[in-house]
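What follows is a short report on a single structure.
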Amino acid sequence: MQPNKLLKPDLYFEGSNDREGATVRLKGGRCRCGYVFFPMQSYGCERCGSHGNALTLCELSANGTLLAEATVHLHADKNRPAPFTIVKVALDDGPVIRTLLADDSAPVAPGQRVTGRLAPVGQSESGETVLDLRFSIAS
Amino acid sequence: MTRSLNELRPVYVVGIGWHRYQNPSETPYVELGLTAIRSALADARIEWPAVESSYVATALLGMASGRPMLRHLGATGAPLMHVENASASGSTAFRHACIEVASGISDVALAVGVDKRNPVRRSDTGIGHLAEDAIVPFTHFALLTNEYAVRHNATAEDIALVAVKNHRNGAKNPNAQRQQERTLDEVLGGKRVSGSLTALQCTPIGEGAAAVIVASEDGIRRLGIDAGRAIRTTASVGRSERVYPPGTGFDAALTKETADLALAQAKLAPKDLDIIELHDAFTVEELHYIESIGLCPEGHGVRMLKDGALDIGGQCAINPSGGLIAMGHPIGPTGIGQIGEIVMQLRGEAGPRQHGGARTGLAHMVGVGAVCYVHILQK
């Protein structure tokens, strides 16, 4: 079996003890002022301006509550043909993120519990299955 | 000690002009801009050499577009600067023209906005993102529409009524890109864009130009400008996004803090406003922003809309120009065109879309980033 390849390894990684890719952790950051953000960056804290060692990697759970959803009917970029659905999720660990709903997810509505998973989105040139983060209703 | 605009010497809008906002065409930007500037000079009844400084607002024309346009007015050697601040470029140019005159550095300044619909190019920050390439502005606001509808139990029909009103206003505005009344069925039945947003609930980005001339009392006297048609800028505030509590919509929060500061500067309450021109690029924004400005409590915007309180002739006319939805949003000109509309209304020169007895108007723009600019004008 070919190994999997993550589409955006700077933003998330596969959780341990899970070769099926069902668990994903997000690469967020935490400032010494307490502010938690996503994704990790070292330019400086948006809340207090601290930088350098003040900012450290902070793993975030991909569980959260749906704030909003929108199915996009028109999109100019041919690489991402519409329709697709964007979700806005308040992560249990703090940050609010916006990303794609899994193609096979049931319809979602604000207030529902959702969870991020790694889903196959294509094949790399060397034949690996490429995985990207997608949300769906929490099981 | 720092001071706000209205603590400096008074500054007045004395001339307004446009090139109609329109669908993309072959017309060069130079012609669009010159049409608006000459129209504003004619409105003020002054000649170009009287203008001591120019602020050129443009987001999509590229570097140094001002001088190839302004030279055709007769090269006076006066300073000019370009202002790019996304959708708020025009509002920002107006603020700095006002500051220059209020500070006493110049007596007469021009703010002109001009743009063509060119591709938007933004530089990479070096920070990755999950799917931001899939979330264009209409989807950002489709998400806010979904949140607003669920939180306040508003239907897609309720929110679409904003577009019905603004198309009705735009139909009476010869400078509007869209000049056609639309029924609720037409608005809802149009092309679906994102979430519950349809094409007629979204601004039609186009091209055009808008210009305003501002002057001090010294300038007005020296040039023999009709002081009876001059409208004073009594507040100017610019802000940028802060970190708000998780789940708080930054669009509404930023508008609230900016509008609160502007109202305090002019010593006014929201109920004193007769006219508001605001950033209704998408229908839900109008509801968010009237609530943020304080016309009504959060979630009560639909009720005001249905009661006709936001119509021309109502309690406070919102977007009598047609707003970004109907008048259009050529980017650079938009914030300057709002000022022109308010001046026209406060002079009582708005013809079929005149809001009777208008004495106080507020102009509001947000720009991606996010930034927010609010100005108040008073008769």
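Conditions tested, residue by residue: (1) more than 12 Å from every other protein chain (Cβ to nearest Cβ); (2) closer than 25 Å to A:D10 by Cβ.
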{"residue": "A:P83", "(1), (2)": "no, no"}
{"residue": "A:V89", "(1), (2)": "no, yes"}
{"residue": "A:T99", "(1), (2)": "no, yes"}
{"residue": "A:P110", "(1), (2)": "no, no"}
{"residue": "A:T115", "(1), (2)": "yes, yes"}
{"residue": "A:L118", "(1), (2)": "yes, yes"}
{"residue": "A:E125", "(1), (2)": "yes, yes"}
{"residue": "A:S139", "(1), (2)": "yes, no"}
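Got a number for residues in segment B:25-53 being open to solvent by 50 Å² or more (accessible area, probe 1.4 Å), closer than 27 Å to B:D226 by Cα and either part of a loop (DSSP other than H, G, I, E, B) or not assigned by TED's automatic domain parsing to the domain that holds B:P79 (or both)? Spell out the reasoning first.
Going residue by residue through segment B:25-53, those that are open to solvent by 50 Å² or more (accessible area, probe 1.4 Å) are B:26, B:28, B:31, B:35, B:38, B:42, B:45, B:47, B:49, B:52.
Now restrict to residues that are closer than 27 Å to B:D226 by Cα: B:35, B:38, B:42, B:45, B:47, B:49, B:52.
Restricting the remaining residues to those that are either part of a loop (DSSP other than H, G, I, E, B) or not assigned by TED's automatic domain parsing to the domain that holds B:P79 (or both) gives B:45, B:47, B:52.
Residues meeting the conditions: 3.
Yes/no per residue for (1) closer than 30 Å to B:K191 by Cα; (2) modelled with pLDDT under 95; (3) touching a Cys at 6+ places or on another chain (Cβ under 8 Å):
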residue: A:T65; (1), (2), (3): no, no, no
residue: A:P95; (1), (2), (3): no, no, no
residue: A:Q123; (1), (2), (3): no, yes, no
residue: A:R134; (1), (2), (3): yes, no, no
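With open to solvent by less than 70 Å² (accessible area, probe 1.4 Å), in contact (Cβ under 8 Å) with a residue 24 or more places away in the chain, in a strand (DSSP E or B) and among the polar types (S, T, N, Q) as the only criterion, which of A:T65, A:T71 stands out? Show your work before the answer.
Details: A:T71 fails: in contact (Cβ under 8 Å) with a residue 24 or more places away in the chain.
After ruling out the rest, the residue left standing is A:T65.
Checking the structure you have, find out if any residue of segment B:154-169 is touching a helix residue (DSSP H, G or I) at 6+ places or on another chain (Cβ under 8 Å), assigned to a helix (DSSP H, G or I), within 14 Å of chain A (Cβ to nearest Cβ) and of a type in the set (V, I, T). Yes, there is a match, as at least one residue in segment B:154-169 is touching a helix residue (DSSP H, G or I) at 6+ places or on another chain (Cβ under 8 Å), assigned to a helix (DSSP H, G or I), within 14 Å of chain A (Cβ to nearest Cβ) and of a type in the set (V, I, T).
Can you pull out the residues in segment B:112-140 that are more than 9 Å from every other protein chain (Cβ to nearest Cβ) and either of a type in the set (F, W, Y) or open to solvent by 50 Å² or more (accessible area, probe 1.4 Å) (or both)? Outline the logic, then answer.
So in segment B:112-140, the residues more than 9 Å from every other protein chain (Cβ to nearest Cβ) come out as B:112-124, B:137.
If the condition is that a residue be more than 9 Å from every other protein chain (Cβ to nearest Cβ) and either of a type in the set (F, W, Y) or open to solvent by 50 Å² or more (accessible area, probe 1.4 Å) (or both), then B:R117, B:N118, B:P119, B:V120, B:R121, B:R122, B:S123, B:D124, B:P137 are the ones that fit.
Restricting attention to segment B:7-27, the residues being in contact (Cβ under 8 Å) with a residue 60 or more places away in the chain and more than 16 Å from B:Q177 (Cα to Cα) number 9.
Listed by first and then second residue, the pairs with beta-carbon distance under 8 Å, at least 6 apart or on different chains, first residue in segment B:95-116 and of a type in the set (G, A, S), second assigned to a strand (DSSP E or B) and surrounded by fewer than 24 Cβ atoms within 10 Å (Cβ to Cβ), are B:A97/B:S53; B:S106/B:S53; B:A109/B:S53.
For (1) modelled with pLDDT of 95 or more; (2) buried (at least 17 other Cβ atoms within 10 Å of the Cβ), each residue gets a yes or a no:
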site: A:N4; (1), (2): no, no
site: A:E14; (1), (2): no, yes
site: A:N17; (1), (2): no, no
site: A:G21; (1), (2): no, no
site: A:K27; (1), (2): yes, yes
site: A:R30; (1), (2): yes, yes
site: A:G44; (1), (2): yes, no
site: A:T56; (1), (2): yes, no
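The residues in segment B:305-343 that are in contact (Cβ under 8 Å) with a residue 60 or more places away in the chain, over 20 Å from B:R182 (Cβ atoms) and open to solvent by 10 Å² or more (accessible area, probe 1.4 Å) can be counted, and the count is 1.
Of everything in segment A:19-48, what is outside any strand (DSSP E or B) and within 11 Å of chain B (Cβ to nearest Cβ)? Give them in sequence order. It would help to see each step written out before you state the result.
If we filter segment A:19-48 for residues that are outside any strand (DSSP E or B), which is where we start, we get A:19-23, A:32-35, A:38-48.
Passing the criteria: A:C33, A:Y35, A:F38, A:P39, A:M40, A:Q41, A:S42, A:Y43, A:C45, A:E46, A:R47, A:C48.
Residues that are open to solvent by less than 10 Å² (accessible area, probe 1.4 Å) and part of a helix (DSSP H, G or I) within segment B:271-285 comprise B:T283, B:V284, B:E285, listed in sequence order. For beta carbons closer than 9 Å, sequence separation of 6+ or different chains, a first residue in segment B:238-253 that is free of Cβ contacts under 8 Å to residues at least 40 places away in the same chain and a second that is among the β-branched types (V, I, T) and open to solvent by 30 Å² or more (accessible area, probe 1.4 Å), the qualifying pairs are B:P246/A:V96; B:G247/A:V96.
The values are calculated or read from the model by the stated rules, or taken from the named source; none is laboratory data. All figures in this text were calculated on a predicted structure; none of them were measured in a lab. When we count neighbours, we look across all protein chains shown, and the Cβ atoms used for this are built from the backbone with ideal geometry, even at glycine. The accessibility values were calculated without ligands, DNA or RNA, using every heavy atom of the protein model including side chains. Shrake-Rupley method; radii C 1.70, N 1.55, O 1.52, S 1.80 Å.
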